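A quick write-up on the structure given underneath.
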Amino acid sequence: MEVLSSAQMMEADRYTIEEIGVPSIVLMENAARGIFEEFLKLDVKKDKIAVVVGKGNNGGDGLAVARYLINNGFSVDVILIYPSENFKGDAKINYDILKKYPVRFIQYNENVEFDCYDVIFDAIFGTGLSRAVKGVAEQVIEKINFSKGYKIAIDIPSGLSGSSYEVFGKCIKADLTVTLARPKIVHVFYPSKKMCGKVVVKDISIPDFAISKLNSELFLLDNDNLPFIYRREPDSHKGSFGHNVIIGGSKGKMGAPVMAAYASLMVGAGLTTCVIFEDYYYYLSRYPEIMAYIVSGKDFYTREEVNSVLDFVRDKDVLTIGCGMGRNHQIKGFLFELIEKTKHSVVVDADGLFHLDEILLEKLRYRAVLTPHIGEFARLIGTSKDEVLKNRISLAKEFAVKYGVVLVLKSADTIIATPDGLLFVVSNGVPALAKGGSGDCLAGIIGGLIAQKYSLIDAAKIGCFVMNVTASLLMKGKNEKCVKTTEIIENLYRGFNKIEANQ
């Protein structure tokens, strides 16, 4: 599903109205009906309802929703932020109709309070806002937020911009946002996503071909567009599903490559080998299915180990590099030769990213998945974390296109950027993943999927999605603080079962 900016949504509206000929009042009516449908599904008290409206089309949507509420027997107050003389076009049509209904209109003043309402519909501003709210609207937003009622935002929470994930002033903190046609940037990226609550997308008769004309490059990854997960043929064997080699670890960080190897095993790689120093071989004793390749080093990799590793990986399928590898300057020589002298598909994570430079990135072109978190990506491109957070959509795209890699920029709203300039947002991140080891787990999952002949892009998509689904399932039975990364790995089958049931 495409994720749109305000400008793109406006163009889709325009095309539908002007080129196709669907009257704008029909779109508004469809929006109101869809919003009302979501309201009916709520298991909340609904004795007294407020619809708070501004003067634009978002207010018009709210007025039409109020009509649906009254038609179905609900008690509704319509609270006008601005004088009714400001209504124009479709909003004025809906206002003129509603004036004939048994509804109480309240012109907002500082004495109006919201605590008496069970449900409050926010129809103050639409998607086009580009600056902080001031004046009477700011006061209303503050009062709504402090009230006890269930808050439903129409399209986006008022005070946010449809084209930005920044929270640049006061805004409604919604329990539910019902957005129209497609999700907007504000709905899928933090910090604005936190203000939206649950987000539901409703069709309002803007056709898919009108959206496709926008040539959107940003998509929300969900069950509908997740790559197909193949079932195994009954005559398949371990050789059918590839060999993933995990190369990482250093003194004090040997658990990282072992977790990556365990994740590769559990995601279905036919064979998984962990390259490991002899003194730390015991780390693998818990997982007899994982093979070991012993190297002579002690605390970290140097050029002395590279020839042995190159000989071993020659006939393998995938290299997953970097988990717990360390940052000693000697490691870069090992990494340089390993990447230069192989043609394998590669997943580079964690400390492996620390040692990358322009030369190594060029050698990884069209054969690598890079999995940095925000801080690692900031170091990789030579900027600050704040700059990455502020501009992560454009920076991720530019990097993936420039270097011809699949970039997995990890955060609560992970971005998967492809070499051809497309971006996929994995917006189902959960706080149970906010701990050490999650990145190692993801690297192992992606490497294990590539071993099974999934493309680099599909492996990244499936890997991110199944890990998040699995963590979400575990959170239903455990406190989110207490979910271990190894538990996520052990329960990956539950994530796959849920995803495959929807395919």
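The values are calculated or read from the model by the stated rules, or taken from the named source; none is laboratory data. This one's a predicted model, so the numbers in the text were calculated from it and none came from an experiment. Note that each Cβ is placed from the backbone with ideal geometry, even for glycine, and that neighbours are counted across all protein chains shown.
Data for the structure
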{"read-out": "Residue within the range 414-430 that is surrounded by fewer than 21 Cβ atoms within 10 Å (Cβ to Cβ), part of a helix (DSSP H, G or I) and out of contact with any helix residue (DSSP H, G or I) (no Cβ under 7 Å at 6 or more places or on another chain) present", "value": "no"}
{"read-out": "Odd one out for residue 271, checked against (1) out of contact with any His (no Cβ under 7 Å at 6 or more places or on another chain); (2) at negative phi", "value": "(1)"}
{"read-out": "Residues being surrounded by fewer than 20 Cβ atoms within 10 Å (Cβ to Cβ) and either out of contact with any helix residue (DSSP H, G or I) (no Cβ under 6 Å at 6 or more places or on another chain) or not β-branched (Val, Ile, Thr) (or both) - total across the range 195-209", "value": "9"}
{"read-out": "Which listed residue, of 78, 22, is aliphatic (A, V, I, L, M) and either touching a Gly at 6+ places or on another chain (Cβ under 8 Å) or under 30 Å from residue 425 (Cα atoms) (or both)", "value": "78"}
{"read-out": "Residue tally, condition among the small types (Gly, Ala, Ser), assigned to a loop (DSSP other than H, G, I, E, B) and more than 19 Å from residue 356 (Cα to Cα), over the range 288-327", "value": "2"}
{"read-out": "Test: residue in the range 375-386 that is farther than 26 Å from residue 187 by Cβ and of a type in the set (Phe, Trp, Tyr)", "value": "no"}
{"read-out": "The lone exception for residue 50 - which of (1) touching a residue at least 40 places away in the same chain (Cβ under 8 Å); (2) surrounded by fewer than 18 Cβ atoms within 10 Å (Cβ to Cβ); (3) of a type outside the set (Lys, Arg) it fails", "value": "(2)"}
{"read-out": "Entirely in the range 431-490, the helices (runs of 4 or more DSSP H) that have 2 or more residues that are surrounded by fewer than 22 Cβ atoms within 10 Å (Cβ to Cβ) and either touching a helix residue (DSSP H, G or I) at 6+ places or on another chain (Cβ under 9 Å) or basic (Lys, Arg) (or both)", "value": "456-477, 485-490"}
{"read-out": "Those residues of the range 220-255 which are surrounded by fewer than 17 Cβ atoms within 10 Å (Cβ to Cβ) and under 25 Å from residue 186 (Cα atoms), in sequence order", "value": "222, 223, 224, 225"}
{"read-out": "Subset of the range 214-241 (residues that are over 25 Å from the mean Cα position of the chain (by Cα) and either within 25 Å of residue 417 (Cα to Cα) or outside any loop (DSSP other than H, G, I, E, B) (or both))", "value": "238, 239, 240, 241"}
{"read-out": "All positions within the range 427-482 that are of a type in the set (Phe, Trp, Tyr) and within 20 Å of residue 241 (Cα to Cα)", "value": "454"}
{"read-out": "So residue 338, is it within 26 Å of residue 460 (Cα to Cα), assigned to a helix (DSSP H, G or I) and either touching a residue at least 12 places away in the same chain (Cβ under 8 Å) or among the polar types (S, T, N, Q) (or both)", "value": "yes"}
{"read-out": "The range 342-371: number of residues that are in a loop (DSSP other than H, G, I, E, B) and either of a type in the set (Ser, Thr, Tyr) or not assigned by TED's automatic domain parsing to the domain that holds residue 416 (or both)", "value": "2"}
{"read-out": "Matching entry among 256, 210 (being in the same structural domain as residue 350 (by TED's automatic domain parsing), assigned to a helix (DSSP H, G or I) and under 29 Å from residue 457 (Cβ atoms))", "value": "256"}
{"read-out": "Among the candidates 339, 374, 393, 331, residue that is surrounded by fewer than 23 Cβ atoms within 10 Å (Cβ to Cβ), over 19 Å from the mean Cα position of the chain (by Cα) and either assigned by TED's automatic domain parsing to the domain that holds residue 455 or among the β-branched types (Val, Ile, Thr) (or both)", "value": "331"}
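Conditions (1) free of Cβ contacts under 8 Å to residues at least 60 places away in the same chain; (2) hydrophobic (A, V, I, L, M, F, W, C), marked per residue:
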| residue | (1), (2) |
| --- | --- |
| 382 | yes, no |
| 386 | yes, no |
| 396 | yes, yes |
| 401 | yes, yes |
| 409 | yes, yes |
| 418 | yes, no |
| 423 | no, yes |
| 437 | no, no |
